[in-house]
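Asks: First, the structure itself, so that you have it in front of you.
Coordinate-derived values only; no laboratory data. Predicted model only: the values in this text are computed from it and were never measured. Cβ placement follows ideal geometry from the backbone for every residue including glycine, while neighbour counts extend to all protein chains displayed.
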């Protein structure tokens with residue numbers, strides 16, 4: 001048997017020492033963008049018990065096209081405290097929030113900075129998100145996604161593979177599970193109070209968007225901001241009683257392609273990212289290893305389908321796990337105890353919420369949506385563009 005190749009160590013270990021979030025809603029009429037950002041920055045600084053004087057660098061991320069404000073980081077410096085400090089602006093589509101985490105981690109690990117503050121945000125009520133999305137793609141070659149982020153292809157494929165009734169019920173069970181988790185999270189945007197006895201009714205009455213992708217399945221637009229503070233190992237141990245360590249992360253991008261000689265479904269970036277990340281960290285059974293997974297799930301159909309890819313499962317194993325309750329907040333590996341993207345979607349911050357919420361679970365500070373067992377190992381994902389994937393591993397202890 002070939003010996004497992006060890007993953008190269010970072011130049012410096014990096015810990016998360018502060019997390020701040022606003023509440024998320026469809027409209028924040030009482031705040032402008034600067035005030036919204038400042039609320040999350042102050043919360044993160046208080047959580048880390050530091051001031052802006054301790055911060056060396058700010059990493060800023062949102063989809064400026066959606067609010068239609070050019071170089072918003074310049075205006076937002078009034079709320080981020082970035083004036084006079086090094087700053088990086090990041091925009092990578094739906095993966096923006098996760099990219100912020102990776103950039104901040106790299107900046108600290110490299111030795112460039114000791115403490116980095118990263119802020120992800122979106123105030124979608126002030127722009128035209130759908131207009132921005134539908135005009136990003138080539139109108140000829142990418143016509144099939146000109147509806148924006150909506151597509152019913154995953155629903156159709158799952159119905160063909162697993163049968164119409166089972167697939168539809170599984171997708172709706174997933175959606176209701178996410179709502180149950182969101183109802184425990186006071187910051188979550190959409191909290192409907194759904195229950196499993198509504199599956200049949202919702203399957204038939206929720207308005208259709210594309211094919212069997214229905215309105216109830218889909219994420220919405222949210223306003224809000226999330227801030228995370230990263231520190232070198234030395235600083236993290238000095239400043240925090242319980243820093244959360246970033247073990248490793250991977251980013252995989254794939255563009256859509258046009259092939260006139262036939263179609264063979266390529267390996268999904270989720271599967272490729274998981275295979276590479278777990279392989280280089282010696283993780284053979286991710287279901288057994290991880291205690292919680294905060295996954296970027298834009299719809300119930302995609303979230304359910306992607307579980308198979310991220311956990312490297314075969315056949316209908318992911319559906320069986322859902323049906324058994326393994327992904328419930330008190331299950332074998334709780335999925336999105338925060339309520340996930342379906343409940344809350346401030347696009348520039350959405351993918352940052354995944355590692356932020358995973359870190360809160362490891363710290364035991366998630367409040368009403370804290371899972372009942374101890375969390376030592378957490379997984380978080382980001383998604384965007386044409387199947388772009390970011391996957392991040394978080395740890396309670398420096399023991400790898």
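Asks: Any residue in region 192-206 that is farther than 16 Å from residue 164 by Cα sitting within a Cβ distance under 6 Å of a residue that is part of a helix (DSSP H, G or I)? List the pairs, counting only those 6 or more apart or interchain.
Replies: Note: pairs meeting the criteria are 192/179; 194/176; 194/179; 196/176; 206/215; 206/216.
Asks: Kindly indicate whether any position in region 174-187 is assigned to a loop (DSSP other than H, G, I, E, B) and closer than 22 Å to residue 61 by Cα.
Replies: At the first step, the residues of region 174-187 found to be assigned to a loop (DSSP other than H, G, I, E, B) are 183-187.
Next, only the ones that are closer than 22 Å to residue 61 by Cα stay: 187.
Yes.
Asks: Given the options 73, 53, name the one that is surrounded by 20 or more Cβ atoms within 10 Å (Cβ to Cβ) and not in a loop (DSSP other than H, G, I, E, B).
Replies: Matching residue, one of 73, 53: 73.
Asks: Taking the stated definitions as given, is residue 64 farther than 22 Å from residue 358 by Cβ, in contact (Cβ under 8 Å) with a residue 12 or more places away in the chain and out of contact with any strand residue (DSSP E or B) (no Cβ under 7 Å at 6 or more places or on another chain)?
Replies: Details: farther than 22 Å from residue 358 by Cβ: yes; in contact (Cβ under 8 Å) with a residue 12 or more places away in the chain: yes; out of contact with any strand residue (DSSP E or B) (no Cβ under 7 Å at 6 or more places or on another chain): yes.
When the stated conditions are applied, residue 64 passes them.
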